[in-house]
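Report on one structure; see the data block that follows.
The values are calculated or read from the model by the stated rules, or taken from the named source; none is laboratory data. The shown structure was predicted, so the numbers you read here are calculated from the model rather than taken from an experiment. We place every Cβ from the backbone using ideal geometry, glycine too, and count neighbours over all the protein chains shown.
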Amino acid sequence: MKNETASPRLAIPTEPITALIEEIEKVYVGRRDRVELALVALLAGGHLIIEDVPGVGKTMLANTIAAAVDCEFRRIQFTPDLLPTDLLGVNIYDESQSRFVFKRGPLFANIILADEINRTTPKTQSCLLEAMSEYQITVDGVTHPLPQPFCVLATQNPFEFEGTYPLPESQLDRFFLRMNLGYPTTEQGKQIVRAQQITHPIEDVEPVVHGAGVVELQMLVRRVHVSEEVLDYVIRLVEATRTYEGVLTGISPRGAVHLYRAAQALAVLRSRDYVEPDDIKELAAPVLSHRMRLHRPSGGMGSSFEAAARLIREILHQIPVPL
């Protein structure tokens with residue numbers, strides 16, 4: 001594809017991005033691709049869901065990102081007895097003022113760690129829909145805006161694990177991208193064990209970007225150039241998922257918007273002011289796979305996601321790449 005750096009449109013601030021990645025990699029050594037995917041969600045103004053077996057570092061990655069960003073952070077442990085009011089807040093009668101006063105819940109923060117989100121009931125899961133899509137909540141008919149930036153970093157165990165509730169399609173569609181961490185390599189495993197010999201490396205992570213700085217980066221992301229050819233590539237990919245053999249439900253327009261925005265965020269992370277077709281190819285599976293339903297998903301929901309990712313890669317091979 002034509003080199004679009006000949007006429008730069010934006011000045012990409014590499015220093016805060018580099019500092020953010022370096023702080024996170026104090027904990028996640030050798031996992032640059034996972035770190036970048038998480039930051040794509042944050043810089044694109046979206047939400048991230050991390051699905052994997054217990055003990056591979058899902059919660060630790062979310063905690064590390066929160067530690068590296070200087071803004072308000074709340075961790076919510078999702079359990080079967082968690083109620084919507086435990087997240088949103090509740091109106092309490094204040095006798096001194098002779099009126100009801102709204103007591104804010106933990107969702108009123110910048111970064112929310114929704115730990116084991118699929119361990120709570122669908123009723124409680126659904127109360128996140130408005131917050132994640134409109135950045136506001138409504139209690140007793142009154143709308144309350146959420147602080148900016150607002151990002152939900154959710155973790156979940158595979159659905160076949162005991163005591164879990166599958167997230168509905170509408171809930172999954174609110175997540176910007178989904179990823180798993182996988183088991184570390186032999187060398188990475190050694191580094192993890194050695195790093196925690198005396199203290200945990202997260203104790204050395206320092207905030208390097210303020211919340212206002214994250215908002216500025218999010219606004220910058222939206223100004224990254226996307227050519228008509230690349231946009232057409234995105235639309236053709238999304239349309240192909242709707243008619244591909246084995247697909248029951250293809251990608252919606254929201255999925256196309258999220259892939260477009262994710263590619264802009266990845267370009268900023270790579271110090272570019274324009275999107276390349278390779279950005280779309282790299283992000284297609286993480287952004288789109290959890291939004292598809294297949295006719296005959298094999299095994300649990302986790303394997304369904306992997307099957308969808310394979311189909312997306314097949315479709316990518318069939319769509320001409322812009323030159």
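Right, residue 154: more than 11 Å from the chain's Cα centre (by Cα), assigned by TED's automatic domain parsing to the domain that holds residue 93 and surrounded by 18 or more Cβ atoms within 10 Å (Cβ to Cβ) or not? Let's see the steps before the verdict.
Working: more than 11 Å from the chain's Cα centre (by Cα): no; assigned by TED's automatic domain parsing to the domain that holds residue 93: yes; surrounded by 18 or more Cβ atoms within 10 Å (Cβ to Cβ): yes.
When the stated conditions are applied, residue 154 does not pass them.
Residues in the range 47-68 that are within 19 Å of residue 128 (Cβ to Cβ) and either of a type in the set (Ser, Thr, Tyr) or in contact with a Leu (Cβ under 7 Å, 6 or more places away or on another chain) (or both): 48, 50, 58, 59, 62, 65, 66.
Quick one: which of 9, 32, 99 is exposed (fewer than 14 other Cβ atoms within 10 Å of the Cβ), touching a residue at least 24 places away in the same chain (Cβ under 8 Å) and of a type in the set (Lys, Arg)?
Values: 32 fails: touching a residue at least 24 places away in the same chain (Cβ under 8 Å); 99 fails: touching a residue at least 24 places away in the same chain (Cβ under 8 Å).
The match here is 9.
Return yes when residue 233 is closer than 27 Å to residue 21 by Cα and of a type in the set (Ser, Thr, Tyr) and no when it is not.
no
Taken as a whole, the structure leaves residue 121 outside the set of residues that are out of contact with any Cys (no Cβ under 9 Å at 6 or more places or on another chain), at pLDDT 90 or above, assigned by TED's automatic domain parsing to the domain that holds residue 62 and more than 25 Å from residue 64 (Cα to Cα). Remark: residue 261 falls outside the filter, which requires a residue to be outside any helix (DSSP H, G or I) and of a type in the set (Lys, Arg).
One line per residue, one yes/no per condition, for (1) more than 20 Å from residue 83 (Cβ to Cβ); (2) in contact with a Pro (Cβ under 7 Å, 6 or more places away or on another chain); (3) surrounded by fewer than 20 Cβ atoms within 10 Å (Cβ to Cβ); (4) aliphatic (A, V, I, L, M):
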{"position": "112", "(1), (2), (3), (4)": "no, no, no, yes"}
{"position": "117", "(1), (2), (3), (4)": "no, no, no, yes"}
{"position": "124", "(1), (2), (3), (4)": "no, yes, no, no"}
{"position": "141", "(1), (2), (3), (4)": "no, no, yes, no"}
{"position": "148", "(1), (2), (3), (4)": "yes, no, yes, no"}
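Of all the criteria given as (1) more than 12 Å from residue 153 (Cβ to Cβ); (2) out of contact with any strand residue (DSSP E or B) (no Cβ under 9 Å at 6 or more places or on another chain), the one not satisfied by residue 64 is (1).
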